[in-house]
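To start, the structure itself, in structure tokens.
The values are calculated or read from the model by the stated rules, or taken from the named source; none is laboratory data. Values in this document were obtained by computation on a predicted structure and should not be read as measured data. Here the Cβ is made from the backbone with ideal geometry for all residues, glycine too, and neighbour counts use every protein chain on show. Surface areas here come from the heavy atoms of the whole protein model, side chains and all, with no ligands, DNA or RNA. Shrake-Rupley method; radii C 1.70, N 1.55, O 1.52, S 1.80 Å.
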Amino acid sequence: MGKPIKRPDWEEYFMFMAISCAVRGSCPKRKVGAVIVKKNRVIATGYNGAPKGLTNCLQLGYCHYERLAHIEAETNGKKFSEVRENFKYLHCLAVHAEVNAISQCSRQEVEGATLYITNYPCPKCVQDVIITYGFEKVRVYKEYLINPLLTIDEKRASERKLLEAGISLTYVLLKKERILEIANHMADDVGERTDYKFSQ
């Protein structure tokens with residue numbers, strides 16, 4: 001038995017669940033997980049990946065839209081970075097984690113719920129999922145994307161839409177050490193008999 005750990009609070013609990021969901025993602029570039037919660041009850045979970053019936057990028061062994069962008073750039077003498085950004089929206093196979101989670105719910109179930117998501121939501125998911133379905137709060141684990149030169153305007157678009165819709169977004173501080181502590185506890189102690197003894 002390992003040493004006892006501090007019991008996860010609700011924010012840690014649901015975000016750890018979202019991180020666990022992300023592990024199942026089939027995008028080789030970024031794993032994202034989502035958990036929809038209402039009154040501390042999980043309604044649905046989701047991760048990013050290709051829809052049923054399509055071969056995902058992990059199975060292909062490469063990023064589908066980047067491969068097509070590379071062919072287009074080489075064939076027609078275009079700049080790969082520009083073609084890649086255009087092709088991302090047309091040819092990316094991944095359904096976002098928020099969309100996968102919401103596909104399991106009715107609008108009535110989600111109204112007033114909280115979305116726990118591992119990455120800052122894109123403008124499309126903010127508009128089509130978070131605002132449209134009536135989420136009250138969004139809890140985020142990690143920032144939007146790494147390259148601010150490419151994504152700063154997208155993040156601003158998401159922020160503006162959330163602000164206008166009156167939806168609260170905050171970050172859940174879940175440090176790597178805490179995740180490892182919880183994961184080690186799961187691996188070593190969950191399901192094992194503790195050394196608890198009844199005291200009279």
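Consider residue 191 carefully, then state whether it is small (Gly, Ala, Ser), at pLDDT 95 or above and more than 30 Å from residue 81 (Cα to Cα).
Numbers: small (Gly, Ala, Ser): yes; at pLDDT 95 or above: no; more than 30 Å from residue 81 (Cα to Cα): yes.
Criteria not met by residue 191.
Here the helices (runs of 4 or more DSSP H) wholly within segment 1-83 that include at least 2 residues being assigned by the TED database to the domain that holds residue 102 are 10-22.
The residues in segment 79-97 that are of a type in the set (Phe, Trp, Tyr) and open to solvent by less than 50 Å² (accessible area, probe 1.4 Å) can be counted, and the count is 1. Of all residues in segment 50-62, those that are of a type in the set (A, V, I, L, M, F, W, C) and either under 24 Å from residue 109 (Cα atoms) or open to solvent by 80 Å² or more (accessible area, probe 1.4 Å) (or both) total 2.
Taking first residues from segment 176-188 that are farther than 14 Å from residue 20 by Cβ and among the polar types (S, T, N, Q) and partners that are at pLDDT below 95 and open to solvent by less than 70 Å² (accessible area, probe 1.4 Å), the Cβ contacts under 9 Å between residues at least 6 apart in sequence or on separate chains come to 184/2; 184/5. Within segment 151-177, track down each residue that is farther than 23 Å from residue 89 by Cβ and within 19 Å of the chain's Cα centre (by Cα). Scanning segment 151-177 gives 167, 168, 169, 170, 171, 172, 173, 174, 175, 176.
Within segment 72-93, the set of residues being modelled with pLDDT of 90 or more and closer than 15 Å to residue 124 by Cβ comprises just one member, 92. Residues that are open to solvent by 30 Å² or more (accessible area, probe 1.4 Å) and in contact (Cβ under 8 Å) with a residue 12 or more places away in the chain within segment 24-49 comprise 24, 28, 29, 30, 31, 38, 40, 42, 43, 45, 47, listed in sequence order. The test for being at pLDDT below 95, closer than 21 Å to residue 101 by Cα and polar (S, T, N, Q) holds for residue 158.
Here residue 98 meets each of (1) part of a helix (DSSP H, G or I); (2) out of contact with any strand residue (DSSP E or B) (no Cβ under 6 Å at 6 or more places or on another chain); (3) within 16 Å of residue 25 (Cβ to Cβ) with one exception, condition (2). Of all the numbered requirements in (1) farther than 25 Å from residue 191 by Cβ; (2) within 10 Å of the chain's Cα centre (by Cα), residue 43 misses one, and that requirement is (2).
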